[in-house]
1. Per residue, how much accessible surface does the stretch 202-345 expose to a 1.4 Å probe? Answer in Å², no decimals.
2. Of the accessible area of the stretch 163-206, with the probe set at 1.4 angstrom, what percent is carbon plus sulfur?
3. Summarise the accessible area of the stretch 235-306 (1.4 Å probe, protein heavy atoms) by the percent that is carbon and sulfur.
4. Going by accessible area, probe 1.4 Å, with all protein chains left in place, what is the ranking of 184, 319, 96, 343, largest first?
5. Given springs between every Cα pair under 10 Å in a Gaussian network model of the chain, which of 204, 185, 227 has the largest fluctuation?
6. On the accessible surface of the stretch 1-144, probed at 1.4 Å, how many percent belong to carbon and sulfur atoms?
7. May I ask which of 113/202; 306/331; 223/273 have a Cα-Cα span longer than 21 Å here?
8. Of the listed peptides 62-73, 329-340, what is their order by residue-averaged count of other C-beta atoms within 10 Å, with the highest listed first?
Amino acid sequence: MARITLRQLLDHAAEYRYGVPAFNINNMEQGLAVMEAAAACDAPVILQASKGARSYAKDIMLARMIEALTEIYPAIPVCVHQDHGSDEATCMTAIRHGFTSVMMDGSLTADAKTPASYEYNVAITERVARIAHWVGVSVEGELGVLGSLESGTGAAEDGHGAEGTLSHDQLLTDPDQAVDFVARTGVDALAIACGTSHGAYKFTRAPDGDILAMDVIEEIHRKLPNTHLVMHGSSSVPQEMQDIINRFGGRMPQTYGVPVEEIERGIRHGVRKVNIDTDCRMAMAGQLRRIATEHPEEFDPRKFLKPAMEAMRNLCRDRFERFGTAGKASKIKVIPLDEMASRYATGELDPQITTAEAA
Ligand SMILES: O=C(CO)COP(=O)(O)O
Ligand SMILES: O=C[C@H](O)COP(=O)(O)O
Ligand SMILES: [Zn+2]
Ligand SMILES: [Zn+2]
């Protein structure tokens, strides 16, 4: 099956009211785990690679691996997405390596640490969207800075994430500004900030509306009913995964993630892409620790990686089913990139914003 763009996939998701998990991958095992889960339940896939993943695996390795995955699973439409592109070059080199979608994260400046001004964000995101659309590639933008409403800080992770303290205004996307942002940039999807952050340590208690502001998503969706919303930092950090890691020698302090029910609520209010990395890491890490502890004589990496892949596959399958992605792959007929480019050129894919919605 040809690669699908984010725009086509999320348009389909909006029409049939489901969400699509976007799983971060860095290696063959994670790629296979996502694809096996998708094939088992007929789900379309978003495979996303961060800048860190691209330098870890190397661009050519990632590109060829994804090519192999689409060949092994010809019935599954695969969107290949750049996660958190920090500048134009990151987005353009992703496109050169076959990505069908890029995130231009202009909520931070090019150092991926410093919160950017609104005008900077609009200008760089508009520029990337204009160019990407010439070749049919989709663009996700971000408005608002990811971080904790509990502590007022961003979650820096592998050199990515806001540093220092952040105000409530920065941590929650402003719905009126979101309307202006989408209209001026022409993005296909909008990542919003609602109190989630990257990594395992999102909340010190089971989140309520004070620290996980799902009402902000509902308000944005009311103002922008035709815009595909993206939730970052959407790992659930399941208790059982924390327990497995800790039972086998890990030392993860008790923590809380985003409950799957809250994501399901988001999907009822315009959330179409749900970013998940940490849960996949934890699923694998728990099994690596278990094998190392239960079989100290073992040294064949495959004996560690097979159960790790299986745990990640189960996690992915569960999210495909809970988000309503399962059963949709066979219903999608992929539109080629050139055709998407022509549609952008006619203006037919421009953001649909009416003044009534914006008011
Ligand atoms: O948002 C993410 C990638 O962009 C991943 O979030 P998690 O750390 O919650 O998995
Ligand atoms: O952007 C956040 C994702 O979890 C990717 O993390 P990473 O940069 O460590 O690959
Ligand atoms: Zn990030
Ligand atoms: Zn993210």
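The values are calculated or read from the model by the stated rules, or taken from the named source; none is laboratory data. Here the structure is a predicted model, which is why all the values come from computation and not from measurement. Because the Cβ atoms are built from the backbone with ideal geometry, glycine has one as well, and the counts that use them run over all protein chains shown. Ligands, DNA and RNA are excluded from the accessible area calculation, which covers all protein heavy atoms including side chains. Shrake-Rupley method; radii C 1.70, N 1.55, O 1.52, S 1.80 Å.
1. Numbers: 6670 Å² over 144 residues.
For the stretch 202-345, the per-residue accessible area is 46 Å².
2. Working: 830 of 1690 Å².
Roughly 49 percent of what the probe reaches on the stretch 163-206 is carbon or sulfur.
3. Working: 1980 of 3620 Å².
In the stretch 235-306, the share of accessible area belonging to carbon and sulfur is 55 percent.
4. Numbers: 184 100, 319 15, 96 175, 343 70 Å².
Largest accessible area first, the residues go 96, 184, 343, 319.
5. 204
6. Numbers: 2920 of 4910 Å².
Its accessible area is 59 percent carbon and sulfur atoms.
7. Working: 113/202 18 Å; 306/331 31 Å; 223/273 18 Å.
Check vs 21 Å cut-off fails for 306/331.
8. Details: 62-73: 17.2, 329-340: 15.7.
Going by the mean number of other Cβ atoms within 10 Å, highest first, we get 62-73, 329-340.
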